[in-house]
Amino acid sequence: SSLEAAKNGCALVVSENPISLELFKNHAEFCQPQSVASIEKALQKALNQTGQPSPEFLASFSWPLAAKKLADLYMELCSKDEV
């Protein structure tokens with residue numbers, strides 16, 4: 001849902017978990033979901049943002065790219081010698 005929101009020009013607020021930090025880097029505001037104050041702070045920052053995520057960032061999450069990465073991974077796994 002966060003990627004869909006970004007593609008539609010929305011500012012992002014996501015939890016501060018390792019996967020979100022890796023994926024969104026400087027393209028989102030981060031918060032601790034257990035903390036109302038943290039959520040409020042992140043929402044305020046997001047509301048004051050200008051601009052949208054870069055096309056390069058959004059392109060890195062396309063379906064064709066995901067399919068290619070998955071195919072590459074399968075090819076790599078299939079080419080490994082059996083132990």
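The values are calculated or read from the model by the stated rules, or taken from the named source; none is laboratory data. Predicted, not measured: the structure shown is a model, and the values here were computed from it. Here the Cβ is made from the backbone with ideal geometry for all residues, glycine too, and neighbour counts use every protein chain on show. Heads up: the accessible areas ignore ligands, DNA and RNA and are worked out on the full protein's heavy atoms, side chains in. Shrake-Rupley method; radii C 1.70, N 1.55, O 1.52, S 1.80 Å.
Taking max minus min of the alpha-carbon positions on each principal axis, region 36-82 gives extents of 52, 26, 11 Å, largest first. For region 54-83, GluC sites (Glu not before Pro) meeting the loop criterion (DSSP other than H, G, I, E, B) and having at most 11 other Cβ atoms within 10 Å: Glu82. Among 8-18, 65-75, 43-53, sorting by the average number of other beta carbon atoms lying within 10 angstrom of each residue, highest first, gives 8-18, 43-53, 65-75. Put Leu77, Leu23 in order of accessible area, highest first, and with a 1.4 Å probe you get Leu77, Leu23. How many percent of all Cα-Cα pairs in the chain sit more than 17 Å apart? For the chain, the fraction of Cα-Cα distances above 17 Å is 57 percent. Summarising the label geometry, the points placed 7 Å from Cα in the beta-carbon direction at Ile39 and Lys69 lie 2.9 nm from one another.
Per residue, the accessible area of the chain comes to 79 Å², computed with a 1.4 Å probe over protein heavy atoms only. Of the accessible area of the chain, computed with a 1.4 Å probe over protein heavy atoms only, carbon and sulfur atoms account for 59 percent.
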